[in-house]
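The values are calculated or read from the model by the stated rules, or taken from the named source; none is laboratory data. Worth saying up front: this structure is predicted, and the values here are computed from it rather than measured. Heads up, the Cβs are rebuilt from the backbone with ideal geometry, glycines too, and the neighbour counts pull from every protein chain shown. All accessible areas refer to the heavy atoms of the entire protein, side chains included, with ligands and DNA or RNA removed. Shrake-Rupley method; radii C 1.70, N 1.55, O 1.52, S 1.80 Å.
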Amino acid sequence: MSRVTTGYKDRIAYVTLARPDKHNALDEEMIEAIIAAGQEVAASDARAVVLSGAGNSFCAGLDMAALASFAQRDLSTLIMERTHADANAFQEVAMVWRRVPVPVIAAIHGACFGGGLQIALGADIRIAHPEAQLSVMEMKWGLIPDMGGMALLPRLLRSDVLRRLTWTAEKVAAPQALDWGLVTELAGNPLSRAQELAVEIAGKSPSAVRAAKRLIAYAESGASQADVLLRESAEQLDLIGQPDQIEAVAAQLQKRPPEFR
């Protein structure tokens, strides 16, 4: 049975972690399936992505049985080899969603621990159920976040909060996670809310949405102010007067929904 399902409707990709009997815990097969799903979506004509988990949890983290099997492998190669651009396979389960050129919205419920949290961090937006729990859990097992967490967490959290969550491995309720910046908003039905937001985004100029994701990533990369301003101008120049931008303006003036190709 597939560890991940991917479907498309109205230019929105729906990616679901599908190992509900294990709270979507990550084993090697699931890691490979998540990366493949991200690559598939990136190559599609989707304009937004909804990422969710089947069953009672978003993702409870690494399957401990899988951890034992990984430990029997050549760890130096497994961990240090860059198999996906600047990342190894473990890191790519999160970073692949940053490489997807359109917005990715994670719908979080139940447990969102360890690697599961890092997958959610790879999304652009995180909608969480008020009773969801999140944890940077690796310290519980004598480890550090190593699935993209340290590339992503510092962009969201104050340094003291990041250190506390990393060192304690404590479980954080969604309202506190919202206050600290781990999640974007709370919703009684996060999947429905994520879909609603995806529909809204998919109705905007697809070329402008993609340009905005590229530009935000560049601005967050530590580039200088001068370089960010130059990139901002270049992205804008590529949009002005093009079919999507012309249609966006026409739709506004004619007070109708835009029809992008």
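Each residue in the range 164-207 was checked for being among the hydrophobic types (A, V, I, L, M, F, W, C), open to solvent by 20 Å² or more (accessible area, probe 1.4 Å), without any contact (Cβ under 8 Å) to a residue 60 or more places away in the chain and part of a helix (DSSP H, G or I), and 3 pass. With Ala169, Ala187 as the choices, which residue is of a type outside the set (D, E, K, R) and within 25 Å of Val49 (Cα to Cα)? None of the other options fit; the residue is Ala187. Residues that are more than 17 Å from Met30 (Cα to Cα) and touching a strand residue (DSSP E or B) at 6+ places or on another chain (Cβ under 9 Å) number at least 2 in the following strands (runs of 3 or more DSSP E) confined to the range 57-149: 104-108, 125-128, 133-135. Taking every residue in the range 212-233 that is touching a residue at least 24 places away in the same chain (Cβ under 8 Å) and pairing it with any residue that is aliphatic (A, V, I, L, M), at least 6 positions away or on another chain, the pairs with Cβ-Cβ distances below 8 Å are Lys213/Val102.
Out of the range 118-144, which residues are closer than 15 Å to Cys59 by Cα, surrounded by 15 or more Cβ atoms within 10 Å (Cβ to Cβ) and not aliphatic (A, V, I, L, M)?
Of everything in the range 118-144, those that are closer than 15 Å to Cys59 by Cα, surrounded by 15 or more Cβ atoms within 10 Å (Cβ to Cβ) and not aliphatic (A, V, I, L, M) turn out to be Gln118, Gly122, Arg126, His129, Gln133, Ser135, Glu138.
The number of residues in the range 55-89 being open to solvent by less than 30 Å² (accessible area, probe 1.4 Å) and within 23 Å of the chain's Cα centre (by Cα) comes to 8.
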